[in-house]
Amino acid sequence: MTAESKTPRQVVLYTRSGCHLCDDARDLLVRHGLNPQSVDIDADPELRERYDFCVPVVVIDGVERFRGRVNEVLLRRLLHSRLAREN
């Protein structure tokens, strides 16, 4: 099994300019070996309406996992359970 198959295939970080929590979330995701795709909610009226008061929002493999702060303990558990399922 390759390292690539052990990490989530798609991580999306919904963010906006000037959001320090978004910066923290990105740093945390990267520290855990993830490569999030950042999406600025202010560039899309639908996304702004949906996520205006809850960025950052982290979606991993199509499932919304975090709103606001990213809990590092829960992130580790999520990644660990994914690894356990794949082994």
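Dimensions of the stretch 3-86 from C-alpha coordinates, computed as largest minus smallest value along each principal axis and given longest first, are 38, 21, 16 Å.
For the pair ASP24 and ALA43 in one chain, pulling the backbone fully straight at 0.36 nm per residue adds 4.8 nm over the alpha carbon distance. Of the residues TYR51, TYR14, the one with the fewest other Cβ atoms within 10 Å heads the list, and the complete ranking is TYR51, TYR14.
Read-outs: derived from the displayed coordinates by stated rules, not from any lab. As the structure is a computational prediction, the values presented were derived from the model and not from experiment. Every residue, glycine as well, gets a Cβ built from its backbone with ideal geometry; the counts of neighbours run over all protein chains shown.
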